[in-house]
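One structure below.
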Amino acid sequence: MSEQDYGFDTLAIHAGAQPDPATGARSTPIYQTTAFVFDDTDHAADLFALRSFGNIYTRIMNPTQAVLESKVAALEGGTAALATASGHAAQLLVFHALLNPGDEFIATRQLYGGSINQFNHSFKSFGWNVVWADADEVATIAAAVTDKTKAIFVESIANPGGRVTDIAAISEIAKKAGIPLIVDNTLATPWLCKPFEHGANIIVHSLTKFIAGHGNSMGGIVVDGGNFDWGKDGKYPMLSEPNASYNGIKMYETFGNIAFAITCRVLGLRDLGPAISPTNAFNILTGMETLSLRMERHVSNAQKVAEWLEANDKVEYVNYAGLKSSPHYDLAQKYTPRGPGAVFTFGLKGGYEAGVKVVSGVNLLSHLANVGDTRSLIIHPASTTHSQLTPEQQTIAGAGPELVRLSIGIENVDDIIADLDQAIG
Amino acid sequence: MDHFTYTNDYISGILQSVKTIALVGASAKKVRPSYFVMKYLLDKGYRIIPINPGLAGQELLGQTVYASLSDVPEPIDMVDIFRNSEAAGSITDEALTLSPLPKVIWMQLSVRNDEAAQKAEAAGLQVVMDRCPKIEYGKLSGEWAWVGGSTGVISSKKQTLHQSGKMQSLGLAPKK
């Protein structure tokens, strides 16, 4: 049997993780070492020239990290992957491989705030220019394409608004423009949504969230769909042209359908340096083995909490795509039929004061700035992450004074609801 | 067999049953994929005979280069074709005139010639198209995962260190 014959849960446990060849260790060992011994100078030369597979230095690859990469690639249905220090690092390496100074990429406005900052500020200093479009109006994405556009970036389930993106429609725009579609699949995980099946070419994740699940380790990953022709028009010179730092090899010619992941590793990670630690890779692998079990509980709890909130007199609205009242309900049925994740927002009729009251009053939910933990999490953006903005700016940013964001955990759902009930008052 | 997908058993059966591989389209340029593949397969213990009329008589990675398959003075188990799909037709025709016949015709990534494949199969040969033996060896041994690749292998048996005893080298598991 090969991988395609096995189910998701089997892959989550076994893909990439055969017993260790030297010791027979059944659990993946933590290879906590910076470097690896060469057999001889010929072997070293082959590794440095990319002629042989093998480990050189943990900034570029590590056997614990490799198991994580192979496993996520298998779960997403990709050809290869590259794990990084964080989700932000994964995005940095993706755009480093695709863009030259002066190039543009299109991103949807409905993104994680950290990505908005990275694109608006840090990327600008590299000369990589983001052009914003609206995820709900795909025509605005098509209208934003110019001859400088090198990629489109979206989130499958947008953070924090409970929105689901029409990946297939946006993929058609990308195909027409001859550019790759990058999907951040963090809030969905491959158990809820498989972006490659809807036309995505590259997937990125913050592994820190649902994939790890435990909230104890940072990590990110780039997954190569192996489904984009990087050589067709010279638009992506790092992939198609001879590379001076590897004696003139051409990445796409040499590595074919894993060329993008290899380019991010041997040119991006090698030179920019945001490697994942072997221990964090191990911690994330441990969490991943129970991914489907946890996601099943996350989405079932989230659905019940959203329905309870919607029926509550003090709640003005609930943005969860699993509710029939949501404008994203139909998209959720198509792209995330098992449930549209566990991160969503709701608004209180009492406005700013009511928002402060609820985050102050919770005893079980944790008031912090993360999502995708086993624990239920809550934050009131207007008094924290978005407190420097005016109320008008907060509303435009999707973080109005009355808005509260939840990341529903896997506790007993009655306890989560009881805690929210007493905090809302 | 539609030659779009192959089972792991089919590929590992081939890679464990051949020893002498004629590599048609071998290159002396160290950055070419054919050079990468030749070096890797030599390191894994295969005998590689490079074929390239422009380099005939010279040595490549210590192996004598021949102008054509017909010039090779020893039996060939597998013909690995690093030429375009059209050229794969005449190379397969030539391979089918050899005595003894090779056991396998292998066409590299992006190389596909269904007519040649039918002829070879009719003569009792096994055929692989649009694949690379280095990549397939790496997937089946587990080395492919070292660079983040999805190997397509699920197994509770431990990976096999290569018989050469080299530190970073996995081998194909013995045939069942």
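I need the full set of residues from the range A:293-317 which are of a type in the set (G, A, S) and either surrounded by 23 or more Cβ atoms within 10 Å (Cβ to Cβ) or not assigned by TED's automatic domain parsing to the domain that holds A:V371 (or both), in order please. A:A302, A:A306 - these are the residues of the range A:293-317 that are of a type in the set (G, A, S) and either surrounded by 23 or more Cβ atoms within 10 Å (Cβ to Cβ) or not assigned by TED's automatic domain parsing to the domain that holds A:V371 (or both).
Okay, residues lined up against (1) of a type in the set (A, V, I, L, M); (2) within 21 Å of A:T186 (Cβ to Cβ):
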{"position": "A:E76", "(1), (2)": "no, yes"}
{"position": "A:A83", "(1), (2)": "yes, yes"}
{"position": "A:H88", "(1), (2)": "no, yes"}
{"position": "A:F95", "(1), (2)": "no, yes"}
{"position": "A:G113", "(1), (2)": "no, yes"}
{"position": "A:F123", "(1), (2)": "no, yes"}
{"position": "A:K150", "(1), (2)": "no, no"}
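Kindly provide the set of residues from the range A:318-349 that are assigned to a loop (DSSP other than H, G, I, E, B) and either surrounded by fewer than 17 Cβ atoms within 10 Å (Cβ to Cβ) or free of Cβ contacts under 8 Å to residues at least 12 places away in the same chain (or both), ordered by number. Matches in the range A:318-349: A:K324, A:S325, A:P327, A:P337, A:R338, A:K349. Return a yes/no flag: does the range A:301-317 have any residue that is within 14 Å of chain B (Cβ to nearest Cβ), more than 25 Å from the chain's Cα centre (by Cα) and in a loop (DSSP other than H, G, I, E, B). No, every residue in the range A:301-317 fails to be within 14 Å of chain B (Cβ to nearest Cβ), more than 25 Å from the chain's Cα centre (by Cα) and in a loop (DSSP other than H, G, I, E, B). Do we have A:A74 as within 12 Å of another protein chain (Cβ to nearest Cβ) and in contact with a Ser or Thr (Cβ under 7 Å, 6 or more places away or on another chain) here? Considered against the rule, which asks whether it is within 12 Å of another protein chain (Cβ to nearest Cβ) and in contact with a Ser or Thr (Cβ under 7 Å, 6 or more places away or on another chain), A:A74 comes out as yes. Taken as a whole, the structure leaves A:L377 outside the set of residues that are over 18 Å from A:F210 (Cα atoms) and not assigned by TED's automatic domain parsing to the domain that holds A:D136. Residues in the range A:1-28 that are of a type outside the set (A, V, I, L, M) and in contact (Cβ under 8 Å) with a residue 40 or more places away in the chain were compared, and the one that is surrounded by the most Cβ atoms within 10 Å (Cβ to Cβ) is A:G16. Within the range B:1-23, residues that are without any contact (Cβ under 8 Å) to a residue 40 or more places away in the chain have Cβ atoms under 8 Å from residues that are small (G, A, S) and in a loop (DSSP other than H, G, I, E, B) in these pairs: B:T7/A:S2, counting only partners at least 6 apart in sequence or on another chain.
List the helices (runs of 4 or more DSSP H) inside the range A:1-103, counting only whole elements, that have at least 2 residues being within 21 Å of the chain's Cα centre (by Cα). Can you show your working first?
Working: elements: A:8-14, A:41-48, A:63-76, A:87-98.
Correct list: A:8-14, A:63-76, A:87-98.
Within the range A:129-144, the set of residues being in a loop (DSSP other than H, G, I, E, B) and under 17 Å from A:A200 (Cβ atoms) comprises just one member, A:A135. A single member of B:I76, B:I21, B:I11 is crowded, with 21+ Cβ neighbours inside 10 Å, within 14 Å of chain A (Cβ to nearest Cβ), closer than 18 Å to B:Q126 by Cα and of a type in the set (A, V, I, L, M), and it is B:I11.
What number of residues in the range A:168-187 are among the aliphatic types (A, V, I, L, M), crowded, with 24+ Cβ neighbours inside 10 Å and not in a strand (DSSP E or B)?
Going through the range A:168-187 one residue at a time, the tally reaches 3.
The values are calculated or read from the model by the stated rules, or taken from the named source; none is laboratory data. Predicted model only: the values in this text are computed from it and were never measured. Every residue, glycine as well, gets a Cβ built from its backbone with ideal geometry; the counts of neighbours run over all protein chains shown.
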